[in-house]
1. Among 75, 71, which is the only one that is within 16 Å of the ligand (Cβ to nearest atom), surrounded by 12 or more Cβ atoms within 10 Å (Cβ to Cβ) and assigned to a loop (DSSP other than H, G, I, E, B)?
2. If residue 95 satisfies all but one of (1) surrounded by 15 or more Cβ atoms within 10 Å (Cβ to Cβ); (2) in contact (Cβ under 8 Å) with a residue 24 or more places away in the chain; (3) within 16 Å of the ligand (Cβ to nearest atom), what's the number of the condition it fails?
3. Failed condition for residue 84, given (1) within 27 Å of residue 151 (Cα to Cα); (2) in a loop (DSSP other than H, G, I, E, B); (3) in contact with a strand residue (DSSP E or B) (Cβ under 8 Å, 6 or more places away or on another chain), with all others met?
4. Quick one: is residue 99 within 21 Å of residue 49 (Cβ to Cβ), touching a helix residue (DSSP H, G or I) at 6+ places or on another chain (Cβ under 9 Å) and not in a strand (DSSP E or B)?
5. State whether the residues of the range 127-150 include one that is farther than 19 Å from residue 95 by Cβ and in contact with a helix residue (DSSP H, G or I) (Cβ under 8 Å, 6 or more places away or on another chain).
6. Here is a list: 5, 40, 44. Which entry is at pLDDT 85 or above, within 16 Å of the chain's Cα centre (by Cα) and more than 16 Å from the ligand (Cβ to nearest atom)?
7. Of 89, 152, 142, 125, which residue is under 24 Å from residue 4 (Cα atoms), more than 16 Å from the ligand (Cβ to nearest atom) and assigned to a loop (DSSP other than H, G, I, E, B)?
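The values are calculated or read from the model by the stated rules, or taken from the named source; none is laboratory data. In this text, all values refer to a predicted model and were calculated from it rather than measured experimentally. Don't worry about glycine lacking a Cβ; one is built from the backbone with ideal geometry, like all the others, and counts go over all protein chains shown.
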Ligand SMILES: [Zn+2]
């Protein structure tokens, strides 16, 4: 969803900057679609924030849909209800089985792509995202981490390791 919103915003910038198909109707459509995406994002964020991502929990009395949701959101086990998968570039992806929240390694350039203003703020956001991702990777669980084949990627010109390029690619296509 985050990536869909990002792609939409990029398309909108092209339209505003005078893309070939720019017209009022398209701008309005893009605006409406953007509002839908933003409200969906808010709903998802609320759902993710309500969940403690743990296994177990009890629903004592079903009084309403809310009591079921509360039970599902408040797992009581020491184990987290997450699955972890190691991608081919070595990154670990973590997903909560209960609320669907996904933790992916933050892509540095995503925090650095506008003007130079607010650089400190962006850096702090990047560090906060790194800490959150690292915490998720260390969630205790009795599930085993699955893994793909592991590869190292190198930049042809510099010969330097370029596993981060694969991370950026994954971030662009979503997952
Ligand atoms: Zn969760």
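1. On the way: 71 fails: assigned to a loop (DSSP other than H, G, I, E, B).
Exactly one of 75, 71 is within 16 Å of the ligand (Cβ to nearest atom), surrounded by 12 or more Cβ atoms within 10 Å (Cβ to Cβ) and assigned to a loop (DSSP other than H, G, I, E, B), namely 75.
2. The one condition residue 95 does not meet is (2).
3. All conditions are met except number (2).
4. Yes.
5. No; the residues of the range 127-150 include none that is farther than 19 Å from residue 95 by Cβ and in contact with a helix residue (DSSP H, G or I) (Cβ under 8 Å, 6 or more places away or on another chain).
6. Within the list 5, 40, 44, the selection yields 40.
7. Matching residue, one of 89, 152, 142, 125: 89.
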